[in-house]
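Written below as structure tokens is the structure these notes are about.
All of the numbers you see were taken from the coordinates with simple rules; none came from a lab. All values derive from a computational prediction rather than experimental measurement. So basically every Cβ, Gly included, is an ideal-geometry build from the backbone, and we count neighbours across all protein chains shown.
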Amino acid sequence: MQAQQRGAVREAKGRDLGTASNTIAGPEADLAPKSGHKVVRVGPDGEAWLEASRCSNCGAVMAERTRACRSCGARNTLVPFRPKAIGTLYSWTVVYRSFPGIKVPFVSAVVDVDGGLALKGTLRIDDHDSLKFGMPVRIEFDDAGGAKDKDGRPYVGFHFVAEGASA
């Protein structure tokens with residue numbers, strides 16, 4: 001699955017963005033993918049992962065990189081860690097009306113990620129009636145809907161998929 005995710009991250013409109021062997025050269029080197037979300041990190045080989053922070057004082061988990069814990073106020077106690085890319089569905093809504101160009105219906109969901117992090121994102125699922133509180137989901141990395149920065153660098157985002165289903 002990770003190899004599949006790396007491949008999806010490297011592909012931008014059918015163009016290979018390179019690998020750890022540094023196949024990117026010249027002006028294209030600046031087109032390496034970059035994070036499209038505060039918890040997504042992208043390595044030089046195009047591999048994506050989640051990264052959050054945990055307070056070594058109180059154990060609180062947060063997505064943002066800050067100097068002080070938002071729970072206990074302790075300074076310089078936040079330690080980065082990689083939560084697993086799995087979790088459980090906490091809340092959701094099926095969106096039937098959106099901005100022009102956004103395919104509807106889609107599911108906007110809040111997922112409790114293993115490791116203490118809570119994330120909001122899109123849950124890709126065909127049968128909206130099968131949604132259940134606490135159902136297992138996994139996080140898959142994608143090309144953030146084809147979004148690119150002003151220089152043409154593709155963003156890496158994520159979506160949720162019901163465990164046992166394919167995106």
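Per-structure values
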| item | result |
| --- | --- |
| Over the stretch 68-159, volume per residue of the alpha carbon convex hull, in Å³ | 154 Å³ |
| 12 Å beta-carbon shell around Ala52, net charge (K/R +1, D/E -1) | +3 |
| The stretch 31-89 - Rg and Dmax from Cα coordinates, angstrom | 13.1, 40 |
| Spacing of the two label points (7 Å from each Cα toward its C-beta) at Ala68 and Ser130, in nm | 4.7 nm |
